[in-house]
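Chemist: What follows is a structure written as structure tokens; I'll ask about it next.
The values are calculated or read from the model by the stated rules, or taken from the named source; none is laboratory data. What you are looking at is a predicted structure, and each value in this text was computed from that prediction instead of being measured. No Cβ is skipped: glycine too gets one built from the backbone with ideal geometry, and neighbour counts run over all protein chains shown. All accessible areas refer to the heavy atoms of the entire protein, side chains included, with ligands and DNA or RNA removed. Shrake-Rupley method; radii C 1.70, N 1.55, O 1.52, S 1.80 Å.
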Amino acid sequence: MKILVATDKPFAPVAVEGIRKVISEAGYELVLLEKYTSQQQFVDAVADVHAIIVRSDLVTPEVLNAAKNLKIVVRAGAGYDNIDLKAATEKGVVVMNTPGQNSNAVAELAFGMMIMAARGMYDGKTGTELKGKRIGIHAYGNVGRCVATIAKGFGMTIYAYDRYVSAEAMKAEGVIPTGNVEELYKNSDYLSLHIPATSETKKSINYELCKLLPKGATLVNTARGEVIDEEGLLKLLNERTDLKYVTDIAPEMVEEYKKLGSRFFATPKKMGAQTEEANINAGIAAAHQIVKFFKNGDTTFQVNK
Ligand code: 3PG
């Protein structure tokens, strides 16, 4: 059984060794394709593999068609918008993610960027503190919950909106549920996005919604670039010079955004989940899920059931 780890943005070496161990102990072979420079390299690498582990790598119909022996793809991470689910399902390929495994890393980066924004991007001038401020968590899933846990330590008031999570569940965790998304934005000095990129959410973070943010608010995006209406947000940021936008996914219009100066920050690469711990957690979980799938038919984390 051949297991391909295809990561344009490689896992930390310690995580790769952990994955190798799980796979070799199961009697399988690990094939590694890291930092590939063209999608064709990925397509060429799948010819005889039975399983693939990816991160944000694009699992397109071309990849799936070229992988004649493929049975399972595991996205080592949360969001699987990089995988063509329809094509995979049509080919009978099981797709899984590893929910929760990299959440803490993403949540910590959100706070790293919030502090940076609060301290004027470390420009040496007087800044502000997170303590006593309101944080709005847009989508209360694994990452949203980690954000809430950390926010408690900072002494923030925590609001959240998630149409799939009950108000009771939020209240039980010390979080104030807002009945609708507008109320969340109105009550957020820091608005942290944790929604997936779906046909419903794409470009949903737009001018009208962000306009509801209170004076001096910061929008934090460690979710997906696609959920932002880039033109609308840029228009608002130009009109409302009190607002800031920090993100670990550079906008496509990054040059325009950079003109906002210190009210905008984007990491050079998507790096929320880029910690050794997250790489180990998600990578090794992916390897275990593949072994359990082949040995016991376990489909616990399948997302295309
Ligand atoms: C995820 O969906 O798990 C995160 O966005 C991490 O993505 P990455 O593995 O490409 O860093």
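Chemist: Measure nothing but the geometry: give the 0 to 90° angle between the long axis through the Cα atoms of 276-296 and the longest principal axis through the Cα atoms of the chain, rounded to 10°.
Modeler: 40 degrees
Chemist: Tell me the angle of helix 103-118 to the major Cα principal axis of the chain, expressed in degrees between 0 and 90 and rounded to the nearest ten.
Modeler: Rounded to the nearest ten degrees, it is 30.
Chemist: Another question, then. Heavy-atom accessible area per residue, the chain, 1.4 Å probe: how many Å²?
Modeler: I get 46 Å² per residue for the chain.
Chemist: Here is a follow-up. With springs only between Cα atoms under 10 Å, which of Q39, Q274, Q101 fluctuates most in a Gaussian network model of the chain?
Modeler: Looking only at Q39, Q274, Q101, the largest GNM fluctuation is found for Q39.
Chemist: Which ³J(HN,Hα) values in Hz, rounded to whole numbers, follow from the phi angles of the stretch 235-251 under the Karplus curve 6.51 cos²θ - 1.76 cosθ + 1.60, where θ = phi - 60° and Gly and Pro get x?
Modeler: My calculation for the stretch 235-251 gives 4, 5, 5, 6, 7, 9, 6, 8, 8, 10, 9, 10, 7, 9, 10, 4, x Hz in order.
Chemist: Further question: Rank-order 184-195, 14-25, 255-266, 116-127 by packing density, defined as the average count of other C-beta atoms within 10 Å over each peptide's residues, highest first.
Modeler: 184-195, 14-25, 255-266, 116-127
Chemist: For the chain, find the longest principal axis of its Cα atoms and tell me its angle to the long axis of helix 13-25, 0 to 90°, nearest 10.
Modeler: 40 degrees
Chemist: Add +1 for every Lys or Arg and -1 for every Asp or Glu among the other residues with Cβ under 15 Å from the Cβ of G127, and state the total.
Modeler: In short, +2.
Chemist: Would the stretch 103-266 count as rounded, prolate or oblate if I go by the C-alpha gyration tensor, calling it rounded below 1.5 in a/c and otherwise prolate when a/b exceeds b/c, oblate otherwise?
Modeler: Oblate, since a/c reaches 1.5 and b/c is not below a/b.
Chemist: Pop out the ³J(HN,Hα) list for the stretch 45-53 in order, Karplus 6.51 cos²θ - 1.76 cosθ + 1.60 with θ = phi - 60°, rounded to Hz; leave Gly and Pro as x.
Modeler: 7, 9, 2, 10, 8, 9, 8, 10, 10
Chemist: Counting only protein heavy atoms and using a 1.4 Å probe, what share of the accessible area of the stretch 103-266 belongs to carbon plus sulfur, as a whole percent?
Modeler: Within the stretch 103-266, the accessible surface is 51 percent carbon and sulfur.
Chemist: Among 164-175, 286-297, 201-212, how do they line up from the highest to the lowest mean number of other beta-carbon atoms within 10 Å?
Modeler: Per-residue Cβ counts within 10 Å, averaged per peptide and sorted highest first, yield 286-297, 201-212, 164-175.
Chemist: Same structure, new question: Which lysines, on any chain, are close to K21 with Cα under 22 Å apart, when same-chain ones fewer than 8 places away are left out?
Modeler: Within the straight-line limit of under 22 Å, K21 reaches these lysines: K2, K9, K35, K71, K292, K295.
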